Amino acid sequence: MKLFLYKILILIVTLTINFSANAQDNSTTNCVNLLNEGYVSDGQEYIAKLAENNVAKFYCTFYGGSQYRIIACSDITKYPLILSIYDTEKNLLFCNKEYEYTPYWNFRFTSTIDCIVEIEFDTEKWLKEEVKLLIGFKEK
C-alpha cells in the first residue's frame, strides 16, 4: 500500500498542467479546434450519452513518457462541464473545477497508467445529451 501511495505522489508531482481561459468554444463540433499547439489526435472520438446522474465515463490507458492533452466537449452551455480523471482505484488525479472549468488538461505520466475519465454536469435534471472526449499526444 505504501508503494502505491508513493507512486501516486510521484505521479502527481510530475504532472504538467497548462490551462487556457474558459472563453473558448468547446462545443462538440468545435472540439477538435482545442487540439492544437503540436498535439495530434489519437484518431478516436469518444462519445457517450450522459447517464441518469449526468455522468459519462471513459476508460483510457496513458503511456509513460508521453505528453497528452485531454479535451471534454459538450453542446450543453447552461451548466459547467466538469472533467475529472481518476486512477483505477478512484483516486482523483485532476478535476477542472479547481481551474475555472477549463475544457482541457495537458499532462505527462512517468509510467503507464489506466485511468477513468468522467465528464459530468452538476444538476438534478437529467440532461439526456451526448458528450465528447478527445485525446491527443504531443509530437516529438
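No value in this document is a laboratory result; all are computed from the given coordinates. Everything quoted here is computed from the prediction, not taken from an experiment. Cβ: placed from backbone, ideal geometry, glycine included. Neighbour counts: every protein chain shown.
Data overview
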quantity: Residue that is farthest from Trp105 (Cα to Cα), among those in the range 30-83 that are of a type in the set (S, T, N, Q) and surrounded by 14 or more Cβ atoms within 10 Å (Cβ to Cβ); calculated: Asn54
quantity: Subset of the range 88-105 that is crowded, with 19+ Cβ neighbours inside 10 Å and not hydrophobic (A, V, I, L, M, F, W, C) - its residue that is nearest to Gly64 (Cα to Cα); calculated: Tyr104
